[in-house]
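The values are calculated or read from the model by the stated rules, or taken from the named source; none is laboratory data. Because the structure is a prediction, the values reported are computed rather than measured. Using ideal geometry, Cβ is built from the backbone for each residue, glycine included, and neighbour counts are taken over all protein chains shown. Areas reflect the complete protein model, heavy atoms only, side chains present, ligands, DNA and RNA absent. Shrake-Rupley method; radii C 1.70, N 1.55, O 1.52, S 1.80 Å.
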Amino acid sequence: MSSFFTHGGPDALGVPRWDFSTNSNACGPCPHALADLQQADATRYPDPHYTALKEQLAAFHGVAAQRILLAGSASEFIHRISAAHQRQRVYLPQHHYGDYLQAAQAWGLIQADAPQAQLLWACEPSSPLGQAHPGLAELVGGLRPDQQLVLDCAYAPLRLDGAPSLDADQRDRVWQMWTPNKALGLTGIRAAYAIAPLGADVQTMSMLCPSWPVGAHGVAMLQAWCRPASQQWLAQSLVKLRAWKARQIILCRTLGWECLPSTANFFCARPSGDDLPLRLQRLRARGIKLRDAESFGLPGYVRLGVLPPLGQDALAAPG
């Protein structure tokens, strides 16, 4: 199967008992967001202009509502902005989410170095490594008027240490793509949004958007994301995730695995021994799923989301 369609989470065998393959917040689901989802009215269309939701998201980020664009998911927005740059040049990080490349190839974009590209991608903390994007501030500082950089902020709310590379002024120069479902532990809800750079051509991106990209449950999740109670829950979950991550790294090292540094709620590791695909199959048969990082360009490594101690102990158990 193409690496484009290699993802974490449930597969043909169903839902793994211990799923290290996704980067969702293992403390979730956020109870406040879940309550809002349960009360969502699925019998009616949302406002096609999402007026109230855009105002809420704008107030949450301290930007003008005109800069907020709703998206069906991060993947939908990736394809939409790639379509807006079809047959141009695109810059991709060395290791990156596969949908960047899939969308680029679907829309005829040509890979190029950053100085030659019109569309540039960055993700921080990055996937799969959970690290800062090297030289991101310099990259943004050197943007020309004909260039657009999209900063994938999927894991920014799940940063466990370190600081962002960009300040507020620098973020105003780039597209910011937000997918709160990971931070809220609700990855089954597909909804996202983007914050346009100051002075960006929002009209073109709006014209490329299908009607009602976000349904009633997506609207409910994004509204819950803006609530102080949800943000307080998220802050408390990060404390727990830091402790779980420290324990999980120690456990992996005890198994003889090489663990790479990460600032997020996931990290990459190289298991000891040979025949990694076979070992992953055997773990999956025991209800444990890890993400093979070969599709990210890291053969021999796996990406592990941070799970509670019970899941960690299941990973370490002989079998």
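Only protein heavy atoms count here; on that basis, with a 1.4 Å probe, Glu294 has an accessible area of about 110 Å².
The modelled label-to-label distance between Ala35 and Ala83, using points 7 Å beyond Cα along the C-beta direction, is 3.8 nm. Take 308-314, 286-292 and order them by the average number of nearby Cβ atoms within 10 Å per residue, most first; the result is 286-292, 308-314. Mean sequence separation of contacting Cα pairs (under 8 Å, at least six apart), scaled by the length of segment 220-319, corresponds to a relative contact order of 25 percent. May I ask you to give the percent of accessible area on the chain that is carbon plus sulfur, with a probe radius of 1.4 Å? The C+S portion of the solvent-accessible surface of the chain is 55 percent. Solvent-accessible surface of protein heavy atoms, probed at 1.4 angstrom with all chains present, puts Trp121, Trp107 in the order Trp107, Trp121, largest first. Subtracting the Cα-Cα distance of Thr51 and Leu260 from their residue separation scaled by 0.36 nm leaves 70.9 nm.
Computed over the chain, the per-residue total of -39500 (n - 2.57) for DSSP H runs of n ≥ 4 gives a 222 nm mean residue ellipticity of -10000 deg cm²/dmol, rounded to 500. Taking a quarter of the surface of the Cα convex hull of segment 1-128 gives a mean projected area of 11.2 nm². For Trp257, the solvent-accessible surface computed with a 1.4 Å probe is close to 30 Å², ligands and nucleic acids excluded.
When Ile249, Ile110, Ile195 are compared by accessible area of protein heavy atoms, the largest-first order is Ile110, Ile249, Ile195, using a 1.4 Å probe. Using 14 Å as the cut-off for backbone N distance, which residues of segment 13-55 belong to the label zone defined by a point 7 Å from the Cα of Cys209 along Cα→Cβ? Residues passing the 14 Å test: 46-55.
I'd like the accessible area for Leu198, computed on protein heavy atoms only with a 1.4 Å probe and all protein chains in place. Round to 10 Å², please. Surface accessible to solvent at Leu198 totals approximately 110 Å².
A Cβ-based charge dipole, computed about the Cα centre of segment 47-186 with Lys and Arg at +1 and Asp and Glu at -1, lands at about 240 debye. Modelled spin labels at Asp275 and Glu138, positioned 7 Å past Cα toward Cβ, are 4.5 nm from each other. At full extension, Leu251 and Ala12 could sit 83.2 nm farther apart than now, given 0.36 nm per residue minus the alpha carbon distance.
At 1.4 Å probe size, put Lys245, Lys182 in order of accessible surface, largest to smallest.
Largest to smallest exposure gives the sequence Lys182, Lys245.
Only Lys, Arg, Asp and Glu carry charge here, each on its Cβ (+1 for the first two, -1 for the last two); on that basis segment 194-294 has a dipole of about 620 debye about its Cα centre. Rounded to the nearest Å, what's the spacing between the alpha carbon centres of segment 206-264 and segment 109-151? Just the number, please. Result: 22 Å between the Cα centres. For the chain, a crude dipole built from +1 on the beta carbon of Lys and Arg and -1 on the beta carbon of Asp and Glu, taken about the Cα centre, is about 680 debye to the nearest 20.
Projecting the Cα positions of Ala65, Pro10, Gly142 onto the charge dipole of the chain (unit charges on Cβ atoms of Lys, Arg, Asp and Glu, taken about the Cα centre) puts Pro10 furthest along the positive direction. Remark: the Cα gyration tensor places segment 76-188 in the oblate category, a/c being 1.5 or greater and a/b not exceeding b/c.
Inter-label distance, Gln111 to Gln236: 4.5 nm, where each label sits 7 Å from its Cα along the C-beta direction. Rolling a 1.4 Å probe over the heavy atoms of the protein chains gives the chain an accessible area of 46 Å² per residue. Once the Cβ-Cβ distance of Arg44 and Ala229 is raised to the sixth power relative to R0 = 41 Å, the FRET efficiency obtained is 0.95.
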